[in-house]
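The values are calculated or read from the model by the stated rules, or taken from the named source; none is laboratory data. This one's a predicted model, so the numbers in the text were calculated from it and none came from an experiment. Neighbour counts are summed over all protein chains in view; Cβ atoms, including those assigned to glycine, are modelled from backbone coordinates with ideal geometry. Ligands, DNA and RNA are stripped out before the accessible areas are found, and what is left, the full protein with its side chains, is counted by its heavy atoms. Shrake-Rupley method; radii C 1.70, N 1.55, O 1.52, S 1.80 Å.
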Amino acid sequence: MLLQEFLENSARRLSDKTALVCGSNRLTYAELDAAANRLAHALRSRGVGYRDRVVVMLDNSPEAVVSIFGILKSDACFVLVNPSIKKEKLGFILNNCRASALITHEGKWDTVSPVIDGAPSLKSVLLAGDRGQIAPSELLMRWNDLREQFPVTRPSRVTIDVDLAALIYTSGSTGDPKGVMLTHQNMASASTSITTYLENREDDVILNTLPLSFDYGLYQVIMSAQFGGTVVLEKSFLYPYAVVNLLKQERVSGFPIVPTISAILLQLETLRNERFERLRYITNTAAALPVSHIRGLQAAFPGVKIYSMYGLTECKRVSYLPPEELDRRPTSVGKGMPNEQVYLVDDAGNVITRANVVGELVVRGANVMKGYWDNPAETAAVLRPGPYPWENVLYTGDLFKMDEDGFLYFVSRKDNIIKSRGEKVSPREVEGVLYELPDVVEAAVVGVPDDLLGESIKAFVVLKEGSKLTDSEIKAHCTKHLEDFMVPKIVELRKSLPKTSSGKITVKGL
């Protein structure tokens, strides 16, 4: 199955149904499919086609969704980048993947124009927007010209499911981003598994405030096209009350969040007075939900299924916790999703069979990436021989424990363990205790060099507005609930914490 066939199949069955809502724009499946066909023909007219890469630098918008499917229909591979990307990183990605085309908005021209001449592989730049302030050139095409110049017929195709569908760039250990290579088979497998355990259906309406450059946001579009649902696409979670209103107005049934969103939601004074009659499930990934957030969401959204999940770009999704297990195992991220196997290994690579022993998580399944683009060394470090001679399995670099029933509990990144007083400390465990304080909105724990301790533990904490909680009181709470070597030596109160483009707290900026 090819990803664009998700859209085409739904367009045949549900041509007049609304596929996408974005601001005042409402596109049916037939309209979305026709627009994607036009884009595919436009790309082909510029020499873009089979096995080429097309970079998309757009905010969440109808053009971004059309670009995803149009690029696939042209037999090319899409490369979504965050629209706030800086020119140096954009230039690196364009040249690293040898992009044949770039789709962006004229409002991004100040970032784009300095790097075009330094990207000799580019055959075309397609500009959305209607201000017309960019001088015409042979390289440029206008989005607004697509409707008049190109047909709505489906282009011919040569792509098969083992061809690349997407390159998703993620942080690299060398400082340069790595391009995760995902085939149609990888992504279709992941989408099928996720929609299976979420029990998605045609009448589902998904509200997505996450950037499409973040694979969690991207898959909301892919999955909805697969089961024939509707995506309500917002640019961000910047205006939380507006998002709450959308949940009601659009009769949303599925709401993907990250912990930053839950922290903001739970501070809304009127949230518990609202009623969301159609909301069926909330999902969370990127980072584990603190138990206090889980309890708050359960109180604010009674009867709504809450899915704690874990994943990484290299395989999209690893595990989910069935909602009925949430009260019994609130700190677990569940078991491997359908059509996937997961297990833990020790430092020697031996499979761990005993419960509650920390080991590195290994993932096996059709959703596992093919490697990092043009980076055999990094690929070999994480893709290693599996049970069969022809397959590789993914060594995630994440440390987990597994209980007697097979449920997974995140401990830390392998390279993120703090060593203090000769003991190993999981930042996640300390953060969990910090989140038990009702006034703590966000927390991040890091190790800092210490001549006596090796590393001392430092906690960065964001408090609710108006809170009088002090750093001494926070330390006292930790002393009461943690072993002495795990108690933060330093607590720094901040108004906010640095985050990635996907809303995940990052310690790099601390």
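A few points about this structure:
Per-residue answers, yes or no, for (1) touching a Ser or Thr at 6+ places or on another chain (Cβ under 9 Å); (2) under 23 Å from T111 (Cα atoms); (3) part of a helix (DSSP H, G or I):
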{"site": "Q133", "(1), (2), (3)": "no, yes, no"}
{"site": "P151", "(1), (2), (3)": "no, no, no"}
{"site": "Y216", "(1), (2), (3)": "yes, no, yes"}
{"site": "V221", "(1), (2), (3)": "no, no, yes"}
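- All conditions in (1) crowded, with 20+ Cβ neighbours inside 10 Å; (2) under 21 Å from the mean Cα position of the chain (by Cα); (3) not small (G, A, S) hold for Y29, with the sole exception of (2).
- Hits in region 221-243 - residues which are open to solvent by 10 Å² or more (accessible area, probe 1.4 Å) and either in contact with a Lys or Arg (Cβ under 6 Å, 6 or more places away or on another chain) or of a type in the set (S, T, N, Q) (or both): Q226, T230, S236
- Every residue from region 44-54 that is hydroxyl-bearing (S, T, Y) and either part of a loop (DSSP other than H, G, I, E, B) or surrounded by 24 or more Cβ atoms within 10 Å (Cβ to Cβ) (or both): Y50
- Only listed residue being in contact with a strand residue (DSSP E or B) (Cβ under 8 Å, 6 or more places away or on another chain) and either buried (at least 17 other Cβ atoms within 10 Å of the Cβ) or closer than 23 Å to L265 by Cα (or both), chosen from V433, V491: V491
- In region 223-281, the residue that is farthest from F301 (Cα to Cα) out of those that are assigned to a helix (DSSP H, G or I) and of a type in the set (S, T, N, Q) is Q226.
- Selection of region 55-69 for residues being of a type in the set (D, E, K, R) and either without any contact (Cβ under 8 Å) to a residue 40 or more places away in the chain or not in a helix (DSSP H, G or I) (or both) yields only D59.
- Boolean, T479 is in contact with a Phe, Trp or Tyr (Cβ under 9 Å, 6 or more places away or on another chain), at pLDDT below 95, open to solvent by 50 Å² or more (accessible area, probe 1.4 Å) and not aromatic (F, W, Y): no
- Hits in region 312-338 (condition: in a loop (DSSP other than H, G, I, E, B), more than 19 Å from Y216 (Cα to Cα) and in contact (Cβ under 8 Å) with a residue 40 or more places away in the chain): R329, T331, S332
- Residue count for region 157-184, restricted to those that are at pLDDT below 95 and over 23 Å from P211 (Cβ atoms): 2.
- Output for region 116-125, where each listed residue is within 22 Å of E88 (Cβ to Cβ) and open to solvent by less than 10 Å² (accessible area, probe 1.4 Å): A119, V125
- Sole residue being out of contact with any Phe, Trp or Tyr (no Cβ under 7 Å at 6 or more places or on another chain), surrounded by 14 or more Cβ atoms within 10 Å (Cβ to Cβ) and within 28 Å of I257 (Cα to Cα), chosen from L510, L469: L469
- The residues listed here are R154, R201; of these, the one that is surrounded by fewer than 19 Cβ atoms within 10 Å (Cβ to Cβ) and under 29 Å from N339 (Cα atoms) is R201.
- Tally of residues being polar (S, T, N, Q) and within 23 Å of N200 (Cβ to Cβ) across region 254-276: 1
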